[in-house]
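Worksheet: the structure to be examined is printed underneath.
The values are calculated or read from the model by the stated rules, or taken from the named source; none is laboratory data. The model shown is predicted, which means the values in this text are computed figures rather than measured ones. Because the Cβ atoms are built from the backbone with ideal geometry, glycine has one as well, and the counts that use them run over all protein chains shown.
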């Protein structure tokens, strides 16, 4: 019988204490482990006031599934203290989408724009190579007028980009459409 590693979770006390000094942003992501040891690394990080990434917890598990995200997010919820105006940034994995609203019901949930950009650029291959910065400009603008100008630039690249982004929901990624008074520019975690 072959022995197999199934699950590992870690959240160190200094990491949890550091959360008290972070911005109210919880960044969660999953990454496939493709080397000798296979599996998935789930991470939860914060961001300090200098923009540095602060690890909060991680889990190594067999796969990125709804069950693995549910268990991981429940553990993270128990490890960190609630912060007013807290929001969670993630990709659009189904396990994260359903569990964030259940486990972190007090927090807003937004999508990582780097994940959106990385998904958008290959999807619209015929578009200009500057598609990435045009999307970033649309995301970063703080007024709806400027947002509309950048969206028009994206429309000129490919008329299918706006409907694709609308399906994702502008409020989940565009600064000017968010209900937050202050939106923090986040570093992507890969």
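Apart from one condition, residue 12 fits all of (1) surrounded by fewer than 11 Cβ atoms within 10 Å (Cβ to Cβ); (2) over 23 Å from residue 114 (Cα atoms); the exception is (1).
When restricted to residues that are under 22 Å from residue 66 (Cβ atoms) and in contact with a helix residue (DSSP H, G or I) (Cβ under 8 Å, 6 or more places away or on another chain), the range 77-93 contains 8. Within the set 181, 97, 153, the sole residue that is over 16 Å from the mean Cα position of the chain (by Cα), on the phi < 0 side of the Ramachandran plot and modelled with pLDDT under 80 turns out to be 181.
The residues of the range 10-39 that are in contact with a helix residue (DSSP H, G or I) (Cβ under 7 Å, 6 or more places away or on another chain) and under 18 Å from residue 90 (Cβ atoms), listed by number, are 11, 28. Taking the range 148-171 as the range and being under 25 Å from residue 100 (Cβ atoms) and crowded, with 17+ Cβ neighbours inside 10 Å as the test, the residues that pass are 165, 170.
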